[in-house]
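Reviewing the structure listed below.
The values are calculated or read from the model by the stated rules, or taken from the named source; none is laboratory data. This is a predicted model, so every value here is computed, not measured. Note that each Cβ is placed from the backbone with ideal geometry, even for glycine, and that neighbours are counted across all protein chains shown. For accessibility, only protein heavy atoms count, side chains too; no ligands or nucleic acids. Shrake-Rupley method; radii C 1.70, N 1.55, O 1.52, S 1.80 Å.
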Amino acid sequence: MSGGVLGCDSMSATQNTPVRAGASAVPYGHIIGSEKWRGTELAQLLQGKVKLVFEDGLGLVDFHLSNRACVLYISESDLVSGNAFKRRLVRFRKACNLKGIVLVERTRLSDQYFPPVQNFVVLELGMALLPVTSQSEAAQLIFHLVQERSREGGSNPFIGKKRCHLSEASILQTVQKIPGVGQVKGLQLLQYFPSIQQLSNASLTDLEAVVGRGIANNIYSFFTQN
């Protein structure tokens, strides 16, 4: 596949282009991966399940999926070594209109760093964040995303409405981190507050009307304290 910029603002020098892809469209069932992932456990687990093509020059992106979606992977070492990954995400968010999916390695070592990263990615950047415990789990998740998009095919505009959008899944996972909020309560909240911004700005009275006083207090405290 030939190099080219996918869905991003043009920049003067190719090395400064923060997001690059090997094609203007990634065929369903295919993944374009950054060359740096060649030979890794994640890549080995994906190969054979999907068509994985490696390319240089993807910039900030680790994997391009079909339907204008891409994966940015934040490893355990990224989390514990500093804030360089935050600058990477900010550059991506400002320069590109692709659907950015952030996978974050949440392990025993990096667990203490996860909550502020979750708030940064979901609340401040408005991007989808999905935690994984290892490259093996990440491979399963990426494969699942490719399968879902391949089944949708992009031809039926009503199919997507029947499925839980990735952004909604990310919000649901965030909400379920709040004490007392499980999947049922989380789904109830999403019916009234479809975005994380709306939920975080909801008044205590509005929250009580949906989930009751006790859980409403937990939700209100979660967002105001963070």
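Listed values, structure above:
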read-out	value
Residues that are of a type outside the set (D, E, K, R) and at pLDDT 90 or above, drawn from segment 65-80	71, 72, 73, 74, 75, 77, 79, 80
Counted residues, segment 123-138 - those being of a type in the set (A, V, I, L, M, F, W, C) and more than 14 Å from the chain's Cα centre (by Cα)	0
Residue check for residue 190: at pLDDT below 80, within 22 Å of residue 98 (Cβ to Cβ), of a type outside the set (Asp, Glu) and within 19 Å of the chain's Cα centre (by Cα)	no
Number of the exception - residue 118 against (1) closer than 25 Å to residue 200 by Cα; (2) modelled with pLDDT of 90 or more; (3) not in a strand (DSSP E or B)	(2)
Residue match in segment 102-112 (condition: in contact with a Pro (Cβ under 7 Å, 6 or more places away or on another chain) and over 19 Å from residue 26 (Cα atoms))	yes
Every pair of residues 6+ apart whose Cβ atoms lie under 6 Å, when the first sits in segment 37-58 and is modelled with pLDDT of 90 or more while the second is charged (D, E, K, R) and open to solvent by 40 Å² or more (accessible area, probe 1.4 Å)	54/35; 54/38
Enumeration of residues in segment 88-122 that are within 16 Å of the chain's Cα centre (by Cα) and more than 25 Å from residue 222 (Cβ to Cβ)	88, 91, 92, 94, 96, 97, 98, 99
Residues of segment 117-142 that turn out to be open to solvent by less than 10 Å² (accessible area, probe 1.4 Å) and closer than 12 Å to residue 86 by Cβ, as a count	2
Matching residues, segment 53-101, being open to solvent by 50 Å² or more (accessible area, probe 1.4 Å), under 27 Å from residue 28 (Cβ atoms) and not in a strand (DSSP E or B)	56, 67, 68, 93, 97
Tally of residues being open to solvent by less than 60 Å² (accessible area, probe 1.4 Å), out of contact with any Phe, Trp or Tyr (no Cβ under 8 Å at 6 or more places or on another chain) and hydrophobic (A, V, I, L, M, F, W, C) across segment 103-116	1
